[in-house]
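Trainee: Pasting a structure below so you can have a look.
The values are calculated or read from the model by the stated rules, or taken from the named source; none is laboratory data. Predicted, not measured: the structure shown is a model, and the values here were computed from it. Cβ: placed from backbone, ideal geometry, glycine included. Neighbour counts: every protein chain shown. Just the protein is used for accessible areas: all its heavy atoms, side chains included, with ligands, DNA and RNA removed. Shrake-Rupley method; radii C 1.70, N 1.55, O 1.52, S 1.80 Å.
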Amino acid sequence: LCPPCGHWKNWVLSFDDDVDMDHPYGDEDEAALEAEVNGNWTPQEKALHEARLKAKAKRRVRKSSSRSESLSESLSGELADGDSHSPKGKVPVPNDRKSRTGKGRGLPKKGGAGGKGVWGAAGMVYEVEEPDVKDPNYDEIAQGDTVYATVVPELDERELEKTVNPIVQEYFEHGDTKEVQMLLRELNLGHHKYEFSSLAVSLSLEGKASHRELTSRLLRDLVGKELSESDMARAFDKILKELPDLMLDTPEAPQMLGQFIARAIADHALPLAFLDRYKGKVDCDHARAALDRAAVLLSMKREMVRLDNVWGVGGGLRPVKHLVKEMNLLLKEYLVSGEVKEAERCLRDLEVPHFHHELVYEAVVMVLESKGDTAVKMMCKLLQAFWKIGLITVDQMNRGFQRVYDELPEINLDVPHAHSIMESFTDLCYQESVITKQLRDSCPSRGRKRFVSEGDGGLIKN
């Protein structure tokens, strides 16, 4: 509002300029005052100018007062540096959880139990909270004595065969029935439990005699723990029905199955009345042959004792004396019959490839103790046949001959001509490519005796 004329005018006022207290009005203002003294300003302009000057003076006073307050705080902070409890005398540390109000003892907030991801102070025990009925997740049934257990799904027929086959094959390697029991407890076989026995017997029919012996032991140990007699009987019922299919891969399946049934009854894995259930009720000739085989084995003398060795004792489980006896019997039968194939089959059935050096040793000793050249030629022929088919390795052959070399002085006590017979036999074996030249040269020779005496006049002794 212009005081002189009384009209509204647009004037721009700036309050950013600093005002000098000695010259609060500035050069322009002093010029305006001179103009005022000279009488050039109207009353309205004069009033507006005075209001502007007063506003600048007030702003200058406020700024100077804030500067004085900051100076006083800095001075008080320097004086308070010696006070360890004064928060103003410390430089704030980032992420400092201590109180900055100066009222605490400098300890963490909430005793260290507060903050993100903290469940409480160390050693704090929470009380059991009663479930809230108003909770939308409240379950009345779950609030009782609920028992939680791991549920293993039941295996179907396809999964059962895929799971059981590796277990049985691994058992044939280690022979530990307890490990098989532990693995069966982890499986949920359900009503297919009996099929484990049928699968184990089917796999053993395609394997060795030692595998069948291990299977019989496994069935004996499983009955009463993982399987019952009714489960075992049901398993053999299934095998009897599948016998024609099993004969495609194993023609001797009926005789083997009969031995399995007889052994299971002797081990009390099958009830004694198992054979009686099938009397006059079997239409399949193969199943009838298996049951007749089992009945014959059970009716033999010393039935329970003989059935313990119905499969023989496999491989390394046999005692050494028994293996030596079997190999002696094998060689004696060969000297009588001369059948190399039969001797090969008997040696393979023993399943002791690591013990074939014993066969070589026994064969050479028989040659030394025999009379005539028949045993020498036949034993050389047998060792040559076993060497060609790879049944006896180089190591086993060398070890067998070396054992004879080492014991030759003792053998010579019973066989005076053992050294000469040994030399002729090693030469023959070398000619037939049974042994190496190095092994032939290592044959010990007996020290030569003097056949001419000085007192005999140069005559040769007879």
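Trainee: Looking at segment 424-436, is at least one residue open to solvent by 70 Å² or more (accessible area, probe 1.4 Å), part of a helix (DSSP H, G or I) and modelled with pLDDT of 90 or more?
Mentor: Yes, there is a match, as at least one residue in segment 424-436 is open to solvent by 70 Å² or more (accessible area, probe 1.4 Å), part of a helix (DSSP H, G or I) and modelled with pLDDT of 90 or more.
Trainee: Right, here's the next one. Within segment 160-188, restricting attention to residues that are at pLDDT 85 or above and among the polar types (S, T, N, Q), which residue is surrounded by the most Cβ atoms within 10 Å (Cβ to Cβ)?
Mentor: Only one residue fits best here, namely THR177.
Trainee: Name the residues in segment 378-414 that are in contact (Cβ under 8 Å) with a residue 12 or more places away in the chain, more than 18 Å from SER442 (Cβ to Cβ) and among the basic types (Lys, Arg), would you?
Mentor: The one that is in contact (Cβ under 8 Å) with a residue 12 or more places away in the chain, more than 18 Å from SER442 (Cβ to Cβ) and among the basic types (Lys, Arg): LYS381.
Trainee: Out of all the residues in segment 340-373, which are part of a helix (DSSP H, G or I) and aliphatic (A, V, I, L, M)?
Mentor: VAL340, ALA343, LEU347, LEU350, LEU359, VAL360, ALA363, VAL364, VAL365, MET366, VAL367, LEU368
Trainee: Within segment 270-279, is there a residue that is of a type outside the set (D, E, K, R), at pLDDT 80 or above and surrounded by fewer than 14 Cβ atoms within 10 Å (Cβ to Cβ)?
Mentor: Yes - at least one qualifying residue is present in segment 270-279.
Trainee: Another one. Residues in segment 125-136: is at least one at pLDDT 75 or above and part of a helix (DSSP H, G or I)?
Mentor: No: segment 125-136 contains no residue that is at pLDDT 75 or above and part of a helix (DSSP H, G or I).
Trainee: Could you check GLY372 against (1) buried (at least 17 other Cβ atoms within 10 Å of the Cβ); (2) without any contact (Cβ under 8 Å) to a residue 24 or more places away in the chain and say which number it fails?
Mentor: If we test GLY372 against (1) buried (at least 17 other Cβ atoms within 10 Å of the Cβ); (2) without any contact (Cβ under 8 Å) to a residue 24 or more places away in the chain, just (1) comes out false.
Trainee: Consider segment 375-410. How many of its residues are open to solvent by less than 10 Å² (accessible area, probe 1.4 Å) and more than 12 Å from VAL434 (Cα to Cα)?
Mentor: So the count comes out to 3.
Trainee: Can you find, within segment 280-299, the residue that is modelled with the lowest pLDDT among those that are loosely packed, with under 11 Cβ neighbours inside 10 Å and in a loop (DSSP other than H, G, I, E, B)?
Mentor: The selected residue is GLY280.
Trainee: Take CYS443 and decide whether it is more than 29 Å from LYS208 (Cβ to Cβ), open to solvent by less than 70 Å² (accessible area, probe 1.4 Å) and in a helix (DSSP H, G or I).
Mentor: no
Trainee: If I filter segment 67-77 for residues that are in contact with a helix residue (DSSP H, G or I) (Cβ under 7 Å, 6 or more places away or on another chain), surrounded by 10 or more Cβ atoms within 10 Å (Cβ to Cβ) and either modelled with pLDDT under 65 or not in a loop (DSSP other than H, G, I, E, B) (or both), do I get at least one hit? Before you say what the answer is, go through the steps one by one.
Mentor: Let us first name the residues in segment 67-77 that are in contact with a helix residue (DSSP H, G or I) (Cβ under 7 Å, 6 or more places away or on another chain), namely 77.
Checking which are surrounded by 10 or more Cβ atoms within 10 Å (Cβ to Cβ) leaves us with 77.
Keeping just the survivors that are either modelled with pLDDT under 65 or not in a loop (DSSP other than H, G, I, E, B) (or both) gives 77.
Among the residues of segment 67-77, at least one is in contact with a helix residue (DSSP H, G or I) (Cβ under 7 Å, 6 or more places away or on another chain), surrounded by 10 or more Cβ atoms within 10 Å (Cβ to Cβ) and either modelled with pLDDT under 65 or not in a loop (DSSP other than H, G, I, E, B) (or both), which makes the answer yes.
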